[in-house]
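To start, the structure under review is shown below, and the notes come after it.
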C-alpha cells in the first residue's frame, strides 16, 4: 500500500506572532538584569501574579525563574529536595554541593545556595554566628505547606508585606511551650525542624533581628536568621 502523502502544517500567523512577542520580551528582560534585592523581586512578582489563573501562574513563574537563573548570582544546591525544587523553579542550572559547608562557602563568595532542611544536619544554626548570610527564600513558597529547603544569600532580606521569619533556639523546652512563650510576647510561631540540639521555628510576618519581643525568648543561644516571602 503506498504511503500517504505528507501534509505541511498550516501556518498559524497569530500564534507565531505571540511566540515572537514572548521571545522578544524574554530577551529584553534578560538584558535588564535582576532587581537590586530579593524583597524587591518578590513584591514585583506578587503584583504580576494578581488575578492570574493557577496554570498561567505556573508558566510565568517558570519563565521568570529561568530569567532569574540567567541574570542572578550563581546557584548552588545541597540535598535531593533542593535539586528537585531548583530544577522546577530555575531549570537545570545549579551546581551541586557535597556538604552544607561547601554550599555556605560558595555563598560567602557571592553565590546563593538552596539547601535541604533535614533532621541530620543543623547547618542553619551556623547562620546565628554569621549574620552576613541570611535566609531570603523558602521553597515551596506557598502558604499551603511547610518549606523543604531554604535559600541562603549574602544579603539582608526586607519585608514584602507577606512573609515568614526563621528563628533558631537551643532551648530544651518542648515545642509547645516555646510556641506558648513566644505567643505571650506577641509572636505567632510554629516548629519546623530540630537537629543537633537546635530547633528552627517559623514566625508569622517579618520579624527583625533586634525585635524586642524576642528579648525574653527561650534559649541561651537564639536569634533570627532571615525571612522569606509567601505567595
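Each reported figure results from applying straightforward, stated rules to the coordinates on display, with no laboratory input. Worth saying up front: this structure is predicted, and the values here are computed from it rather than measured. Heads up, the Cβs are rebuilt from the backbone with ideal geometry, glycines too, and the neighbour counts pull from every protein chain shown.
What is the residue count in segment 28-46 for residues that are surrounded by fewer than 11 Cβ atoms within 10 Å (Cβ to Cβ) and in a helix (DSSP H, G or I)? Residues flagged as surrounded by fewer than 11 Cβ atoms within 10 Å (Cβ to Cβ) and in a helix (DSSP H, G or I) within segment 28-46 amount to 3. Among the criteria (1) out of contact with any strand residue (DSSP E or B) (no Cβ under 9 Å at 6 or more places or on another chain); (2) outside any loop (DSSP other than H, G, I, E, B); (3) under 30 Å from residue 80 (Cβ atoms), the one residue 177 does not fulfil is (3).
Of the helices (runs of 4 or more DSSP H) that lie entirely inside segment 47-153, those containing 2 or more residues that are surrounded by 14 or more Cβ atoms within 10 Å (Cβ to Cβ) and touching a helix residue (DSSP H, G or I) at 6+ places or on another chain (Cβ under 6 Å) span 54-71, 80-90. Among the criteria (1) closer than 23 Å to residue 230 by Cα; (2) in contact (Cβ under 8 Å) with a residue 40 or more places away in the chain; (3) surrounded by 13 or more Cβ atoms within 10 Å (Cβ to Cβ), the one residue 178 does not fulfil is (1). Considering only residues in segment 190-231 that are out of contact with any strand residue (DSSP E or B) (no Cβ under 8 Å at 6 or more places or on another chain) and outside any loop (DSSP other than H, G, I, E, B), the one that is surrounded by the fewest Cβ atoms within 10 Å (Cβ to Cβ) turns out to be 212.
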